[in-house]
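Here, each number is a calculation from the coordinates, and none is a lab measurement. None of these values were measured; they are calculated from a predicted model. Quick reminder, even Gly has a Cβ in these numbers, built from the backbone with ideal geometry, and neighbours come from all protein chains shown.
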Amino acid sequence: MCHFYDARGDQCDGCGKLINAIELIKPKCSLCKATPEPRESKHIFIDLGKIQPKCQEFVEKQSVEGKWSYNATFFTNNLLKEGLHGRCITRDLKWGTPIPLEEYNNKVFYVWFDAPIGYISITANYLGAETEDYRKWWQNKENVELFQFMGKDNTTFHTLIFPSSLIGSGQPWTMLKTISTTEFLNYEIDEETGKPKKFSKSRGVGIFGDDAQNTGIPPEVWRYYLLSNRPEQQDTVFLWKDFIAKNNSELLKNLGNFSNRCLKFLAATFDGVVPVYEGERHPDDTKFLSTIFAQFEEYLDLLEKIKIKDGLRVAMNVSSLCNTYWQDSQLWTIAKSDKKRAHQVMNTAIQVTQVLAAMMEPYMPSFSAKIYHQLALKRTETHDVLFEFLTGHPERMESLIPGGHKIGEPQPIFREISEEEMESLKKRYG
């Protein structure tokens with residue numbers, strides 16, 4: 001026993017062990033706080049031990065081929081080494097999916113046995129419950145790949161219990177290909193213990209989605225911070241000081257700086273009309289675009305490997321390279337003396353602005369939507385395949401936006417968040 005205080009009736013979030021409620025050292029009802037008493041009740045179990053050989057074969061093969069995250073593989077393999085046992089899949093609760101057997105009509109399915117199966121039924125209902133179209137997704141393993149993203153406390157249900165249920169059915173289900181699990185995101189540092197606090201809505205600790213909407217801070221800032229702080233290998237901590245620093249330094253002074261300067265200059269100096277690239281490609285532009293394309297390829301490779309934080313890091317590095325190109329070009333100076341070169345630089349900068357918006361879209365779609373709007377580009381299905389369009393064709397990066405295109409009105413996307421605002425938010429959200 002690890003003596004984790006907040007262990008629940010079916011799983012310990014401290015050590016990850018699956019437990020029975022009767023194993024809790026000091027059990028307490030979460031509603032009335034009374035100590036529960038054991039009573040006999042007949043339940044249904046899934047015999048995981050019986051299916052373990054086939055499940056283990058699946059895990060050993062797929063965790064490698066699907067490049068499962070380290071923590072998902074480590075945690076799953078540890079449970080397999082311990083040996084799988086029967087797992088209760090019913091509960092004495094009033095709320096839930098009823099058991100379709102008369103002798104169990106006062107019970108419901110355990111939520112984490114039921115929920116993954118619900119992925120299939122949700123698909124069936126969405127496509128039309130009266131059709132068999134769900135099989136095109138869930139019984140089509142040759143053409144469909146299943147990717148899942150989970151917190152580490154839900155790993156077991158998606159790498160062992162759900163796959164075992166599918167294997168045990170004997171039907172040709174689409175099986176999990178890749179799973180990316182995270183550690184925990186904690187909140188600030190407790191002044192008394194010096195340790196990170198756990199998010200808890202009931203205890204008023206931390207900020208949640210509905211709270212974030214009321215702060216006046218746009219969604220792209222929240223998404224950037226949470227994704228750059230994604231606990232991929234170890235627990236991370238939400239710190240207001242870090243949140244504000246990333247907004248003010250990385251978003252405002254890097255990403256926002258380039259896009260805003262580029263678009264404002266185009267609007268002010270070229271009347272918002274993208275100039276045609278004149279003459280042969282300048283060596284500086286060729287070198288710059290070659291560097292950007294190499295970063296773009298690395299970015300795609302990282303996303304394929306579900307290296308989400310690293311992909312964002314590369315995208316932000318592209319923004320830094322764009323800022324350097326802009327600064328080194330001294331466009332505001334050459335625009336007065338070398339019209340041809342000014343047109344070349346401005347055209348190149350606009351092309352990479354769209355590339356940057358596309359790279360940021362998986363992370364901050366609201367940011368990308370604002371850039372597309374300011375570029376006066378109507379987002380169409382062609383943008384969905386932009387990555388595919390560019391892959392293997394670096395020359396296509398030179399002419400994504402044609403000369404003569406007129407952009408919309410540039411507007412700053414990010415704003416500085418003050419220390420006073422930070423302190424107010426920190427006080428409000430525990």
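A few points about this structure:
- With helices as the sole contributors, the chain gives -14000 deg cm²/dmol at 222 nm; each DSSP H run of n ≥ 4 counts as -39500 (n - 2.57), and the sum is divided by every residue.
- Counting all C-alpha pairs of segment 219-398, share separated by more than 27 Å (%): 28
- Among ALA335, ALA358, ALA349, the largest mean-square fluctuation in a Gaussian network model of the chain, built with springs joining Cα atoms closer than 10 Å, belongs to ALA335.
- Filter on LYS264/LYS287; LYS253/LYS307; LYS141/LYS177; LYS340/LYS378 - keep pairs with C-alpha separation over 18 Å: LYS264/LYS287; LYS253/LYS307; LYS340/LYS378
- The spacing between segment 220-274 and segment 32-82, judged by their C-alpha centroids, is 40 Å.
- Here segment 143-198 and segment 340-388 have alpha carbon centers that stand 34 Å from each other.
- Surrounding net charge for THR269, when Lys and Arg each add one and Asp and Glu each subtract one, Cβ distance under 12 Å: +3
- Rounded to 5, percent antiparallel among DSSP beta bridges of segment 42-182: 50
- Report note on the peptides 208-221, 30-43: ranked by the mean count of other C-beta atoms within 10 Å, highest first, their order is 208-221, 30-43.
- Computed over neighbours whose Cβ is under 15 Å from that of PRO412, the net charge equals +2, Lys and Arg +1, Asp and Glu -1.
- Peptide ranges 49-56, 248-255, 94-101 listed from the most packed, as the mean C-beta count within 10 angstrom indicates: 248-255, 49-56, 94-101
- Correct choice for percent of Cα pairs over 36 Å apart that was computed from the model, options (i) 43; (ii) 32; (iii) 39: (i)
- Charge context of TYR104, other residues only, Cβ under 11 angstrom, K/R +1, D/E -1: 0
- Placing unit charges on each Cβ (+1 for Lys and Arg, -1 for Asp and Glu) gives the chain a dipole about its Cα centre, and among GLN56, MET422, GLN295 the Cα reaching farthest toward its positive end belongs to MET422.
- Ranked by the mean number of other Cβ atoms within 10 Å per residue, highest first, peptides 107-114, 396-403 order as 107-114, 396-403.
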